[in-house]
Amino acid sequence: MKVILTEDVYKHGVAGEVVEVADGFARNYLIPKGFAIKATAGAMKQAAKLRKDAVARRARVHKELTGIAELIEGEELYFGVKAGNTGKLYGSVTMGDVADALIKKLSVEVDRRRVGEGVSLRELGEHNVRVRLAADLNPVVKVIIHREGESPETVRRAIQEESASAEAVTAEVEETQPAEE
C-alpha cells in the first residue's frame, strides 16, 4: 500500500515521503497512530506542504538534540555494584540504568532504546556507551563501574595507571621491532 508519511518513521522514511509499505502495517499501525495517510490523488497534492513543514520541524528538533548532545558528550557516570574477584559483575549494568542515570544527572529526556544499542555491561572498569539521538548525533558517555564500597576516584586512578602501563608496553614493543623499509 502506498502511504504518505506525516511523521518521520524510523527505517521507513521521513515526513512528506510517499512510501510503499505492507497493507497491515499501514492499516494497523501507521494510519491509526497518525504517522501516515493513504496516498490518494488529493493527498499527493498535500505532500509538498507536509515536506515543507517536516523540514522546519526537523531543523528545530535537530537544534534541540544538538544542545542535548553537547550536554551528554564526555559525561561520566559511576555505578557501584557487587562483583567477583575476577571483575565480573553479579548481574549487569543495563542501558536502562545508564539512561536513568543520565536523566537524573542532567535532567534531559533520553529514550532508553537509543542508549548503547541494548548491550549490558558485565565487567568492572571504564566503558564508552554511545547514545543515538539522531543519525548524525551520537554522543558518548563514559560509564565507570566499580565495586560497592570503593571510591570512584580509586577506580579512576587504577584505570589511568593501567592505560599508562599499556602505553609503555606498546612503546617498548615498537622500539624492539625492526623498522620496515
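The values are calculated or read from the model by the stated rules, or taken from the named source; none is laboratory data. As the structure is a prediction and not an experimental result, all values here were calculated from the model. Cβ placement follows ideal geometry from the backbone for every residue including glycine, while neighbour counts extend to all protein chains displayed.
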Can you work out which of the residues in region 66-78 that are among the charged types (D, E, K, R) and not in a strand (DSSP E or B) is nearest to the chain's Cα centre (by Cα)? Glu73
Lys63 vs. criteria at pLDDT 90 or above, more than 30 Å from Pro152 (Cβ to Cβ) and either aromatic (Phe, Trp, Tyr) or part of a helix (DSSP H, G or I) (or both): yes
Among the residues of region 74-97, write down those that are closer than 16 Å to Arg130 by Cα and either surrounded by fewer than 14 Cβ atoms within 10 Å (Cβ to Cβ) or among the β-branched types (Val, Ile, Thr) (or both). Gly74, Glu76, Val93, Thr94
Has region 32-52 got at least one residue that is surrounded by 13 or more Cβ atoms within 10 Å (Cβ to Cβ) and without any contact (Cβ under 8 Å) to a residue 24 or more places away in the chain? no
Log entry, pairs with first residue in region 116-141 being farther than 19 Å from Val61 by Cβ, second being among the hydroxyl-bearing types (Ser, Thr, Tyr) and assigned to a loop (DSSP other than H, G, I, E, B), beta carbons closer than 6 Å, six or more apart or on different chains, reads Ser120/Thr94
